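Asks: Here it is: the structure, laid out below.
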Amino acid sequence: MKAISKYVLIALIPIAFTLFYFLKTKQNKPIRELPYFGPKSYSKTSDTTYHTIPEFTFTNQHNKSFTDKQLNGKIYITEYFFTTCKSICPIMNTNLQKVYQTFYNDTSIYIVSHTVDPETDSVNVLKEYAQLHNVKNNQWQFLTGNKVDLYAIARKGYLLNTEEGNGGEEDFIHTQNFALIDKEKRIRGFYDGTDTAEINRLIIDVKLLKQHYEYIKN
């Protein structure tokens, strides 16, 4: 009888380990999957290719070149604003400051703010603006550059503006929307940057996306 109990116990050990692994894996799985935004393409093998953010090169508040390559393997939130804005931009960036503080020192999370007024928003102006929002590390980038390039990626890359324009002198983008970009540079969400509830949703979605990558890694 004791011998039978011993064999039963030995047989139960791998089952217990399997059950433990299953429960642990299930516990770490995100409660929901974020959608993908933008046009998709399909291959003959039925694989789906999602819209991705194109390459770019701009200049940050430290007067250094900042490219899409520096966001490889990062989750990031992006927006368009201008420093002299007196309406929606102060609200947007106050809300982004909350996001920045939530993920402070988590180097897998970035915020990327592009100016829509590069003629006014010089490197020095952006640096002062970053200091105003208590930015103390590289996780929040403020970018300026060629207006045509800035506007092109806002419309064709981030899909933050549906109006037609060429980035010319009379062209102007003014949107309160943020976009959430995953590590493969795919759009995973849009959020109203002036709405507190939307900011809370953004923070939750960033955590879900981060959890997703931790889950598939394990």
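Asks: Tell me, how many Å apart are the Cα centres for region 134-177 and for region 72-101?
Replies: 12 Å
Asks: While we're on this one: For every other residue with a beta carbon closer than 10 angstrom to the beta carbon of TYR191, add +1 if it is Lys or Arg and -1 if Asp or Glu, then tell me the sum.
Replies: -4
Asks: Sorted from largest down, what three extents in whole angstroms do the Cα atoms of region 52-142 have along their principal axes?
Replies: On the principal axes, region 52-142 reaches 34, 27, 23 Å in Cα extent.
Asks: Search the structure for amide H atoms under 5 Å from the amide H of PHE56, placed 1.01 Å from N in the peptide plane, and list their residues when 5 or more places away or on another chain.
Replies: ASP68, LYS69
Asks: Counting Lys +1, Arg +1, Asp -1, Glu -1, what net charge surrounds LEU209 among other residues with beta carbon under 9 Å of its beta carbon?
Replies: Charge balance near LEU209 sits at +2.
Asks: Can you list, bin by bin at 5 Å, the percent of alpha carbon pairs in region 41-217, starting at 0?
Replies: Per 5 Å bin, starting at 0, the Cα pair percentages come out as 1, 8, 18, 21, 22, 16, 7, 4, 2, 1, 0.
Asks: Note down the net charge around GLN61, summing +1 for each Lys or Arg and -1 for each Asp or Glu among other residues with Cβ under 11 Å from its Cβ.
Replies: 0
Asks: Order these peptides, 211-218, 175-182, by their mean beta-carbon neighbour count within 10 angstrom, highest first. Don't skip to the answer; put the middle values down first.
Replies: Working: 211-218: 11.9, 175-182: 21.5.
Ranked by mean Cβ neighbours within 10 Å, highest first: 175-182, 211-218.
Asks: Rg(Cα) of region 154-218 divided by 2.2 N^0.38 Å?
Replies: Details: Rg = 14.8 Å, N = 65, 2.2 N^0.38 = 10.7 Å.
That ratio works out to 1.37.
Asks: Is region 104-187 rounded, prolate or oblate when judged by the Cα gyration tensor, a ≥ b ≥ c being the square roots of its eigenvalues, rounded requiring a/c under 1.5 and prolate requiring a/b larger than b/c?
Replies: Numbers: a/c = 2.46, a/b = 1.25, b/c = 1.97.
In terms of gyration-tensor shape, oblate.
Rule-based calculations on the coordinates, nothing more; no lab input. All of these numbers come straight from a predicted model, not from anything done at the bench. Glycine also receives a Cβ, built like all others from the backbone with ideal geometry; neighbour counts cover every protein chain displayed.
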